[in-house]
Structures are given as structure tokens and as C-alpha cells.
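The values are calculated or read from the model by the stated rules, or taken from the named source; none is laboratory data. Everything numeric in this text was worked out from a predicted model, so none of it was measured. Quick reminder, even Gly has a Cβ in these numbers, built from the backbone with ideal geometry, and neighbours come from all protein chains shown. The protein model used for the area step is the full one, side chains on, heavy atoms only, and it has no ligands, DNA or RNA in it. Shrake-Rupley method; radii C 1.70, N 1.55, O 1.52, S 1.80 Å.
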Amino acid sequence: MRVSVLQENLYKALSVVSRAIQSRPTLPILANVLLSTEDARLQLAATNLELGISYWIGAKVEEGGSITVPARTLYELVSTLPPERIDLDLDPRTLTLHLSCGGKTANIKGMDANEYPLLPQFDAERAIGVPGPVFKEMIEQVVFSAAKEDNRPVLAGVLARFEGDVLTLAAADGYRLSVRTTELEFTVGDQEPEPMIIPARTLNELSRIISDQDEEVLISLPDGRGQVMFSLTSALVVSQLIEGKFPDYEAIIPRQSQTIVRVRTNDLLAACRSSEVFAKDSSNTARILIEPSGSHNTPGQVTVAGRSQEKGDARAPVEADIEGNSVEVSFNIRYLIDVLNVIREDQVMLETSGPTAPGVVRPADRDDFIHVIMPMSTTGR
Amino acid sequence: MTAAVNSGWPVIGHEWAIAHLSRSLAFDRVRHAYLFTGPGMIGKTTLARVFAASLNCRDAHAPCGTCRTCTLILKDGHPDVSIVEAGQAGGQLKIEQVRDLQQTLALRPYEARYRVAVLRRFHEANPAAANALLKTLEEPPPGVILILTADAADLLLPTIVSRCQPLPLRPLPVEVVRAALMTRGAPPDTAQTLAQISGGRIGWAIRALADPAELAQRAEWLDLLETALQGTRRERFALVEKLSLEKTGLQTMLDFWVGYWRDALLIASGSRAPITNYDRQAALQALAERAGMGAVQHALDATRRTSQHLNKNVNTRLALEVLMLDYPLP
């Protein structure tokens with residue numbers, strides 16, 4: 001293998017694919033990055049067997065070939081090189097990759113590319129296209145609700161389901177639930193894939209990789225491999241799917257609520273942040289007081305209150321339009337902040353049916369995103 | 001001579017286990033969990049590895065041993081075969097390792113048909129780790145096969161054993177070990193010596209063939225035992241104190257001691273069965289005559305017990321001191 005690439009391209013590619021490398025890989029070769037030539041491009045790939053990332057950069061290929069080298073070593077080395085042309089030259093006998101750039105030279109000992117886990121081929125024919133920016137936003141709106149660590153592996157994933165021309169993403173950790181839908185420009189039809197559970201970690205990385213140049217994300221499911229692939233302009237992300245059945249979340253979304261609050265998103269977020277200062281000492285519990293207006297010319301009021309036994313308390317009232325009864329509920333304020341952070345709309349709806357019923361947060365005048373938070377128990381306080 | 005020729009499985013010995021496993025493969029009746037038991041270094045993990053290759057190799061004569069799947073599995077480099085074990089022999093397998101494994105097993109196989117998890121020396125798993133595995137053992141995700149190895153089934157929780165199909169493996173016949181060593185290029189007399197001393201533990205024999213230090217180490221351990229048996233309690237305690245500073249190898253040392261006492265018992269009881277440590281025949285003869293059958297049996301039991309206790313995280317020095325008190329005085 002003999003190729004030439006630009007330092008900045010190689011550096012960018014390495015910074016992307018390195019995200020798929022674990023700090024303690026299960027197999028020694030997984031600490032390596034695969035370099036492989038392809039027409040006038042160089043493919044870099046890394047995988048931890050759950051998440052795999054490939055990235056292509058333009059290259060002048062004099063002689064084709066492939067090799068794997070320790071990713072950290074290559075990454076650290078390339079970051080110290082000047083922004084010039086890097087020549088890569090592989091000695092196939094010793095599996096040593098020789099680098100030269102701006103007068104500097106280096107040799108990196110590699111491992112045989114044949115021992116690297118197989119990378120699946122992307123099947124563009126049967127791929128489903130989703131607009132890049134929309135998909136990125138969808139991921140950001142649900143992925144935080146997935147369980148960070150859980151004995152039930154399905155909850156560490158995000159459910160993705162195609163039905164007709166609608167794509168749904170949903171995630172839940174037992175205390176909260178996010179569901180986001182989007183209408184596609186076409187019907188998936190008879191190629192409609194089975195609902196799948198994608199590890200949240202994968203989607204986090206994917207949303208990080210999706211850039212402004214990626215107008216469309218192509219999603220494809222190779223037959224029987226239990227994988228999903230996302231193809232971007234110059235990257236391919238492959239993820240293993242999580243086995244199992246996602247819980248039936250429709251049942252826990254309240255059909256209707258007794259009290260419905262319409263409030264400015266930023267005001268509510270600011271109020272939540274003030275009470276979080278104290279609430280974080282009492283397992284993030286914050287009380288939300290919802291008081292409808294007494295007369296026509298005064299607005300209703302939502303008060304977010306946080307309290308700490310040692311440090312004190314804070315109350316932050318916010319003006320709001322309120323339908324229904326006055327009520328007081330307690331939520332985990334961290335969860336409320338998490339969801340308000342991903343709502344871009346000016347106004348947000350907060351709905352509740354009392355201190356023991358699940359609360360609903362959704363952007364005003366939109367019905368493609370819904371977030372459900374279980375209330376915190378306040379008995380004995 | 002070797003089973004490798006007979007069955008096509010690159011495993012030495014264990015013919016009936018191989019026959020059983022390949023039958024279950026042929027009839028598509030593979031269990032979800034197996035438990036391979038038997039003394040250390042008789043080839044339990046090798047058998048597990050080869051079984052994993054047979055499960056996943058697509059050749060008609062699986063395992064072919066040459067395809068990508070086989071080569072990667074046999075050198076522990078396959079993405080779908082996880083090997084989990086305590087950091088070192090005599091260490092502890094921890095609950096975090098089981099949890100990590102469960103995360104991996106929740107994913108569908110990466111490139112093979114089955115995901116195989118080999119949990120080595122599972123008697124070293126602490127109770128929390130063993131209990132954490134129960135749910136997975138009872139109902140693993142589809143396409144997952146678990147293989148546990150352990151010195152003996154009764155060292156494990158009964159709840160673990162009842163969820164696996166047990167395959168008790170035995171030390172190999174001396175003849176098989178000798179033949180295997182000769183195919184590896186050992187001169188006949190070396191092969192004979194190693195095979196006999198190994199007591200059928202093929203793994204140790206192969207290692208000793210490659211590295212003479214293993215043989216020296218064994219001699220050192222047996223000398224130590226013989227010195228201790230000649231000494232007073234005070235001298236024995238001094239020996240043990242030095243010994244307990246070594247973290248690794250104690251388990252192997254006790255295996256050799258068990259073999260030594262077993263030989264003494266054979267001699268004391270007048271049995272005609274061949275002894276393992278035939279190079280120590282004179283010392284063994286003297287010991288058997290001096291101590292008598294009851295004391296030898298007591299010492300053998302005590303050594304076994306100590307070996308189990310060391311797995312359970314007891315104070316090494318105290319355990320060895322107690323063992324020394326159990327040994328007959330000169």
C-alpha cells in the first residue's frame with residue numbers, strides 16, 4: 001500500500017473514527033484503525049463491535065492495500081505533523097506502516113487487516129433516506145431519555161420504527177419517555193423494516209457526526225445481520241441492534257390532562273435552573289405550583305420551587321396561560337431541564353392531572369414531539 | 001492415536017465429550033449453556049474454543065480449522081467469542097465482568113451465527129458475579145451459547161450447575177499425552193517423563209515441553225513439600241510465610257501437592273495403580289510407611305480443601321499454616 005493524503009483530512013478522519021474505539025477493547029485488534037485504499041480514496045474504519053465508524057478521505061493511491069495500526073498512536077502522531085502532504089507506505093512483510101510528512105518520518109507497527117472484524121457493505125438500493133438536519137434533531141430530542149445503565153438492555157436503546165410515511169424514535173428509562181415522529185416525503189411501502197432498537201450510544205455519536213453538509217442520511221438494514229447502517233456524505237456508521245422487545249410506551253402517554261399550562265420555554269427553563277441550585281441537594285426534587293388566574297385580566301402563574309435542608313430554598317414564578325384546576329406536583333428538575341433544553345419552540349405546554357399522574361411536556365402547536373415525566377413522590381415531606 | 005485424527009476436532013483426548021457435542025451439533029440440538037468441569041490444564045478451554053469454532057464454521061466438516069472464523073476463534077481474536085476470566089488464576093471473577101458480558105450478549109452476533117461466551121474457571125467467580133449471571137444462564141438472548149469451565153461442579157452454586165448441561169472431563173491417559181507430546185517433537189523419554197508427571201494434564205505437559213522452567217518449578221514445589229514434611233512446626237511456618245507472599249502459582253502448587261498425596265495414598269493402600277510422581281518413588285514410599293494410610297488420606301483431604309479455600313479469598317498465609325498443621329509430623 002502506498003498512498004498520499006493531506007494531514008488535515010487524515011486528522012479529521014481519525015478524530016471521527018476514534019470515537020468508536022473503547023478505552024479497554026475486548027480484542028487487541030479493536031484498538032486499531034483499519035486503513036484501506038479504494039479507488040482515489042482512503043477508508044479509515046474503527047469498531048468496538050457495537051458501533052463501527054468508517055470515514056473516507058481523498059487520497060492519491062499509488063499502490064492499493066490495507067493494514068490496521070494502533071489508532072491512538074496514529075492519531076497522536078498525525079496531530080503533531082504540519083498541515084502538509086503525508087505519504088503512507090506499507091511494508092507488507094513486517095506489517096510496518098511508514099509515514100513521512102514535511103521531512104518527519106515515523107514507522108508504526110501494525111496488524112494484518114484480514115484479522116479485523118468484517119465491515120458490512122452498504123446497500124444503497126434498499127436504503128431509506130431521511131433529511132440530515134431533521135434526523136439530527138430527532139436524535140437529540142429522544143436520546144437523553146434512554147437509560148444510561150440498566151439491567152434491561154432494551155432501555156439503553158432507542159426504538160426506531162417506520163410505519164407508512166412516518167418515522168418514530170422513542171426512548172425511555174423508566175422515569176421518563178421521549179417520542180418524536182417525522183413525516184417522510186415518501187412511503188416506505190413493502191420494504192418497511194421491522195421496528196429496531198438502536199443503542200443510544202450509537203445515536204449520540206451519529207448526531208455528532210452529522211454535519212451541515214449531510215443533507216440526507218441513508219438508513220439501511222442488512223438482512224439478518226442484526227445491524228443498522230447510516231450513510232452520510234463521507235462517513236458510514238454501523239451499529240449492532242439490541243435484541244428484545246421495546247416496552248409498549250403508548251399506554252403510559254396520558255390521553256388527556258386536567259391542567260394544561262402554556263408557558264414561554266425560556267422563562268420556564270430559567271425558573272427550573274434557579275430552583276435546581278437547591279433541588280440538587282434533595283435528589284433533584286422540585287415542586288411545581290400551578291395556579292390559574294383569578295380573573296380575566298391577570299395571567300396565571302407557575303412557580304418552580306427548589307429546597308435544600310441545609311442551604312435554603314428558591315422560588316421562581318413564571319407567567320402562564322393555564323386551563324384547568326390549580327395543582328401542585330413534584331418533578332425531577334434535572335429531567336425537566338433536559339427536555340426543555342431540546343425544545344426549540346418559543347412556547348411549551350406542560351400538562352398534568354395531579355401529583356401522582358405522569359406529566360407531559362411538549363412544544364406548543366406541534367404534535368410530533370411528546371415527553372412524559374413520572375412525578376416524584378412527596379409523601380412525608 | 002490422538003483424538004485430533006479421529007474426530008476432526010483439534011482437541012487432544014476427551015473423545016466422548018467431543019462425540020456428544022458434535023452429535024448435538026449434527027442434530028441441531030445445541031444447549032444454551034454447558035459446564036465443562038475437570039482439573040486445571042486438561043483442555044477445558046481448548047474444547048470450549050473448538051466447540052465455538054464448530055458452532056460457527058460454515059464448512060461441511062466443521063471446524064475446518066483453516067477458514068477465517070476458525071483461525072480467529074482458535075487464537076481468541078473473533079468478535080463473537082468472548083472469553084471472561086478472573087484477571088489471574090486464583091483471582092476473582094467480578095460482577096462488573098459479568099455485567100459487561102451481558103451488555104455484549106444483548107447485541108446480535110457481529111459476523112458469526114452464534115455469540116459464544118466462555119467463562120473460564122467459574123469457581124473463581126464471587127457470589128455476586130455468579131448470581132448476576134443466573135438470569136442470562138436461564139434464558140440467554142437468541143443465538144447466544146454460554147460455556148462455563150470449573151475445577152468441579154460442587155465448587156459452584158447449585159443454581160448455576162442446574163442451569164447448564166454438565167460435561168465432566170477427566171485427566172487424559174498418560175499414553176495419549178505421551179503421543180501428543182511426540183507429535184510435537186518431544187524425544188520419546190522426555191515425552192514419557194512429562195506425560196507421567198503431568199498426571200494427564202495435557203496443558204501443563206505441553207507448556208513444560210516448551211519451557212523447561214515449568215519442570216524446575218514443579219521440582220521446587222515438591223522439594224518444598226518434602227522439606228516441610230521433614231521439619232518441625234516452626235520450620236514449616238517459616239516456609240509457609242515465604243510462600244504466601246507469592247500471589248500466583250499457589251493453585252498449581254497445590255495441584256501438584258494433591259497429586260503427591262494421592263500417590264502416597266496409592267502406595268499406603270498397597271494399590272498397583274501407577275503413581276504420577278514416579279521420580280519421587282523413594283520419598284513417597286518412606287512417607288507412606290511412616291505416616292500410614294489414615295494420616296495420608298487426612299493430608300490429601302486437607303490439601304484439596306485448602307485449594308478450594310484459596311479460591312474463596314481466604315488469608316493465604318493462615319490457610320497454608322492450617323494445612324501444615326494437618327500434615328503428619330516426622
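A compact table of results
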item	result
Residue-normalised accessible area of segment B:211-326, expressed per residue, 1.4 Å probe, Å²	52
Distance (nanometres) between label positions extended 7 Å along Cα→Cβ at residue A:151 and residue B:30	2.9
Protein-protein interface of segment B:75-94, residues with accessible area decrease of at least 40 Å², isolated chain reference, 1.4 Å probe	B:79
Ellipsoid equivalent to segment A:254-373 - semi-axes via the Cα gyration tensor, in Å	21, 16, 14
Size of electric dipole in chain A: Cβ of Lys, Arg +1 and of Asp, Glu -1, about Cα centre, debye, nearest 20	1440
Residues residue A:18 and residue B:248, FRET efficiency given R0 of 56 Å [Cβ-Cβ distance, rounded to 0.05]	0.95
Interface residues in segment A:233-256 - accessible area drops by 50 Å² or more relative to the isolated chain, probe 1.4 Å	A:240, A:243
FRET E, pair residue A:76, residue A:26, Förster distance 22 Å, beta-carbon r, rounded to 0.05	0.45
Cα-based convex hull, segment B:254-301, per residue volume (Å³, whole number)	64
Accessible surface of the protein assembly as shown, 1.4 Å probe, proportion on carbon and sulfur as whole %	49
Alpha-carbon centroid distance for the pair segment A:321-373 / segment A:99-127, whole angstrom	47
Highest to lowest packing among A:239-246, B:291-298, scored as the average C-beta count within 10 Å	A:239-246, B:291-298
Whole-Hz ³J(HN,Hα) from phi, Karplus 6.51 cos²θ - 1.76 cosθ + 1.60, for segment B:48-61, glycine and proline x	4, 4, 5, 4, 4, 5, 5, 5, 10, 5, 9, 5, 4, 9
Per residue convex hull volume, Cα atoms of segment B:211-326, in Å³	102
Out-of-range pairs (alpha-carbon distance over 30 Å; input A:148/B:135; A:109/B:94; A:148/B:312; A:12/B:75; B:44/B:135; A:109/A:148)	A:109/B:94; A:148/B:312; A:12/B:75; A:109/A:148
Length released on extending from residue A:87 to residue A:346, taking residue separation times 0.36 nm less the Cα-Cα span	88.0 nm
Ranked packing of A:206-213, B:319-326, most packed first, by mean Cβ within 10 Å	B:319-326, A:206-213
Per residue, in Å², the accessible surface of segment A:2-115 once ligands and nucleic acids are set aside, probe 1.4 Å	47
A/B buried area, accessible surface, summed, 1.4 Å probe, Å²	1800
³J(HN,Hα), Karplus 6.51/-1.76/1.60, whole Hz, each residue of segment A:220-231, x for Gly, Pro	9, 10, x, 4, x, 9, x, 10, 10, 10, 10, 9
Taking N as its residue count, the alpha carbon Rg of the protein assembly as shown over 2.2 N^0.38 Å	1.22
Estimated inter-spin distance, residue A:293 and residue B:100, nm [label 7 Å along Cα→Cβ]	6.0
1.4 Å probe accessible area per residue over segment A:125-239, in Å²	43
Stretchable slack from residue B:64 to residue B:159, in nm (0.36 nm times residue separation minus alpha-carbon distance)	30.6 nm
Efficiency of FRET from Cβ geometry, residue B:269 and residue B:305, R₀ 22 Å, rounded to 0.05	0.60
Estimated inter-spin distance, residue A:277 and residue A:315, nm [label 7 Å along Cα→Cβ]	1.6
1.4 Å probe, heavy atoms, protein only - residues of segment B:103-149 losing at least 30 Å² accessible area vs chain alone	B:103, B:106, B:107, B:108, B:110, B:111, B:142
Distance histogram in 5 Å bins (all Cα pairs of segment A:110-243, percent per bin)	2, 10, 20, 23, 21, 13, 6, 3, 1, 0
